[in-house]
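Peer 1: Could you have a look at this structure, given as structure tokens, before my questions?
The values are calculated or read from the model by the stated rules, or taken from the named source; none is laboratory data. If you're wondering where the values come from, they're calculated on a predicted model, not measured in any experiment. Cβ placement follows ideal geometry from the backbone for every residue including glycine, while neighbour counts extend to all protein chains displayed.
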Amino acid sequence: MISLQTINPINDNTLEEIGFAWHTDSDESKYVANELVIVTDDEAEAYYEAVNELYDMYATAAQHVIDNNLFFELGIPFNLIDAIKKSWDNDVHWHLYGRFDLAGGIDGKPIKLIEFNADTPTSLFETAILQWALLKHNNMDEERQFNNIYEAISENFRRLVTLFDDPSEFEKHYDGWKILFSSVSGNSEEEQTVRLLQQMAIDAGFETGFEPLGGVKFDEEGIYDSHETPYEYWFKLFPWEDIAIDENELAVLLTTIMNNQKAIILNPAYTLLFQSKGMMKILCDLFPDSPYLLKTSYEPPKGLQCVEKRMFGREGANVKILDAAGNTIEANDGPYGNFKPIYQEYVEFPKDAKGNSYQAGVFFAYEACGLGFRRGGKILNNMSKFVGHILR
Amino acid sequence: MKHIISAKNIMLGTTGIVVLSVLSGCQSAPQEQEKQNKFLVVEQQPNGKYVVIDEAPTTGPSHAIIRSTDANGTVTERVMSEAELKNMADQEYKKMQEGKSELNSEPHGEGMGLGGTILAAAGGALLGNMIGNALMNNSNFRKNQDSSNRSAYHRSASGGMNSSTSSEKKSFFGNKGASSTSSSSSYGG
């Protein structure tokens, strides 16, 4: 059973003042729990180790996919394959951050990979800032939280320039290169996520700008804000696969911009490989003995309870839980039904006394750097709640 | 060996400082807001002068992060509330009217004292549009404004530093880029 500690919530006005406007879900329930998950130091350490190892496994698997031309198998759109290969070949296309979703890790249950949000992870503000603010608000010890996300991502921004060298060398090498940050307009969660990343980049020492996606301009020579100021980097909180499918001309243009070395796009195109749930089948092929993997296949496994997911499904949409005979036990609708399915061995999430399920989200920026939890039913979806944690 | 690094270092980042100041009630609650309110990041340079390194419009009250470096090279950051900024801008504006401000003369290199930098970056937002417009009609004020503000926002808003005149540039993301009906994220996975 998961142990929880009740805390005093931060009121909505204060949350809005610190930039957190998405505190209430569409059913009027509060998105942030007024409880913290109690995690031991050893459990946090195990999450850290697991995620670092998983990232290395993903890197090996990506090389395997590229070497063996397995893009079709993973559902990768053809018009981004060149961009994926180019970005993979050159370290300047640095992976800024991602989030691993995990089952287990607390309450004596083994850590198992559910999926890797490598391209456009959200829950960033909640995990990096809000759960820390909850500790401060409740006069709790801020040293007792596995959360170094703000500093880790700031450092990783510096690595855009220093790469594998010491990020403290940043000032020596930085030559005024600018990062443009973009999200869809009219969505406060996405804009605040991007604004937070922008602030981390400013703290790292970069010049930055913000432009809603629709205002960004492109030509073969580069990427510009609406005033036609060129930028050397562009961070887009917008999925690569949506660019590939809905904006073919842009996919081609971005590949040209990369080939011309006019701008670097974050997160890099190769994060679309990581994002494909088909990678978890490749991981199972390459690392059959890994304790972190659930059996994953392109066909329903015989005689095994499993979860059907779509290659690029998000937020629990188009997810089905099937029993060992293949009957549907629980299912969520969604817009991702056109993507190919994968089948992942079913695992039960750790539960609290009320029967709620908890999924761990561990952020990765060069290394594992922070932990948060989502709470919900058997399938964690867009209505699930954020729960912070404290180390005991 | 333990690798876990705690949340303590958040306080060193700008966002952590802002959150802390809100939690401790240093910042007033959002009021009726004017669009031109600004969030500034002001940094002290090795020569002791101040430069705006980032600037963004904010829907909340204006506020600024002031990053200073002491003689030992130690960097400290503090948050200035709208009231503090107003007070400082007001004093500088009075000095300007008496002909005693740095803003009265042509800029000498990059940066100015803190009061001058703040008035140049956010005079209109802090003291009202009447004063803002009057300031913008003063050519020395405008030159000082450019010399004390490195932010991409200022440079794009003032139309300077644009290098390309190509008419071939394209925008994308038609409907998606322009608006979204959902208030919660679709992309979080």
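Peer 1: Could you list, in sequence order, all residues of the stretch A:285-333 that are of a type in the set (S, T, Y) and at pLDDT below 95?
Peer 2: The answer is A:T328, and nothing else.
Peer 1: Further question on the same structure: Does A:N90 satisfy the criteria of being away from every other protein chain (no Cβ under 13 Å), farther than 30 Å from A:Q192 by Cβ, at pLDDT below 95 and out of contact with any Pro (no Cβ under 8 Å at 6 or more places or on another chain)?
Peer 2: It is true that A:N90 is away from every other protein chain (no Cβ under 13 Å), farther than 30 Å from A:Q192 by Cβ, at pLDDT below 95 and out of contact with any Pro (no Cβ under 8 Å at 6 or more places or on another chain).
Peer 1: For the stretch A:160-182, enumerate the residues that are modelled with pLDDT of 95 or more and under 22 Å from the mean Cα position of the chain (by Cα).
Peer 2: Listed by number, the residues that qualify are A:L160, A:I179, A:L180, A:F181, A:S182.
Peer 1: Mind counting the residues in the stretch A:108-131 that are over 24 Å from A:S357 (Cβ atoms) and hydrophobic (A, V, I, L, M, F, W, C)? Even if it seems obvious, please write down each step before you answer.
Peer 2: Within the stretch A:108-131, the subset over 24 Å from A:S357 (Cβ atoms) is A:119, A:129.
Keeping just the survivors that are hydrophobic (A, V, I, L, M, F, W, C) gives A:129.
Number satisfying all stated conditions: 1.
Peer 1: What single numbered condition from (1) free of Cβ contacts under 8 Å to residues at least 60 places away in the same chain; (2) closer than 30 Å to B:V18 by Cα; (3) not charged (D, E, K, R) fails to hold for A:T296?
Peer 2: Unmet condition: (2).
For every residue, the table says whether it meets (1) in a loop (DSSP other than H, G, I, E, B); (2) out of contact with any His (no Cβ under 8 Å at 6 or more places or on another chain); (3) within 12 Å of chain B (Cβ to nearest Cβ).
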| residue | (1), (2), (3) |
| --- | --- |
| A:E16 | no, no, yes |
| A:S26 | yes, yes, yes |
| A:A33 | no, yes, no |
| A:E45 | no, no, yes |
| A:V51 | no, yes, yes |
| A:L54 | no, yes, no |
| A:I76 | yes, yes, no |
| A:L80 | no, yes, no |
| A:I84 | no, yes, no |
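Peer 1: May I pose another question? Away from chain B (no Cβ under 12 Å) and closer than 24 Å to A:A360 by Cα: does that describe A:N147?
Peer 2: So A:N147 fails the test.
Peer 1: Mind checking which helices (runs of 4 or more DSSP H) fall wholly inside the stretch A:207-326 and carry at least 2 residues that are facing chain B (nearest Cβ under 8 Å)?
Peer 2: Numbers: elements: A:240-246, A:248-259, A:271-275, A:279-286.
Per the criteria, A:240-246, A:248-259.
Peer 1: Quick one: is A:A133 within 9 Å of chain B (Cβ to nearest Cβ), in contact (Cβ under 8 Å) with a residue 12 or more places away in the chain and in contact with a Leu (Cβ under 8 Å, 6 or more places away or on another chain)?
Peer 2: For A:A133, the condition - within 9 Å of chain B (Cβ to nearest Cβ), in contact (Cβ under 8 Å) with a residue 12 or more places away in the chain and in contact with a Leu (Cβ under 8 Å, 6 or more places away or on another chain) - is met.
Peer 1: Any residue at all in the stretch A:148-155 that is touching a residue at least 24 places away in the same chain (Cβ under 8 Å), closer than 30 Å to B:Q44 by Cβ, in a helix (DSSP H, G or I) and of a type in the set (S, T, Y)?
Peer 2: Yes, because at least one residue in the stretch A:148-155 is touching a residue at least 24 places away in the same chain (Cβ under 8 Å), closer than 30 Å to B:Q44 by Cβ, in a helix (DSSP H, G or I) and of a type in the set (S, T, Y).
Peer 1: A:K217 versus (1) at pLDDT 95 or above; (2) touching a Leu at 6+ places or on another chain (Cβ under 9 Å); (3) among the charged types (D, E, K, R): which is the lone unmet condition?
Peer 2: (2)
Peer 1: Provide a single number: the residues in the stretch A:157-206 that are more than 7 Å from chain B (Cβ to nearest Cβ), assigned to a loop (DSSP other than H, G, I, E, B) and surrounded by 24 or more Cβ atoms within 10 Å (Cβ to Cβ).
Peer 2: Number of matching residues: 2.
Peer 1: Restricting to helices (runs of 4 or more DSSP H) lying wholly in the stretch B:96-147: which have 2 or more residues that are farther than 22 Å from B:P46 by Cβ and small (G, A, S)?
Peer 2: B:114-127, B:129-136
Peer 1: Can you find, within the stretch A:216-237, the residue that is farthest from the chain's Cα centre (by Cα) among those that are within 12 Å of B:F173 (Cα to Cα) and crowded, with 23+ Cβ neighbours inside 10 Å?
Peer 2: Filtering the stretch A:216-237 for residues that are within 12 Å of B:F173 (Cα to Cα) and crowded, with 23+ Cβ neighbours inside 10 Å, the one farthest from the chain's Cα centre (by Cα) comes out as A:V216.
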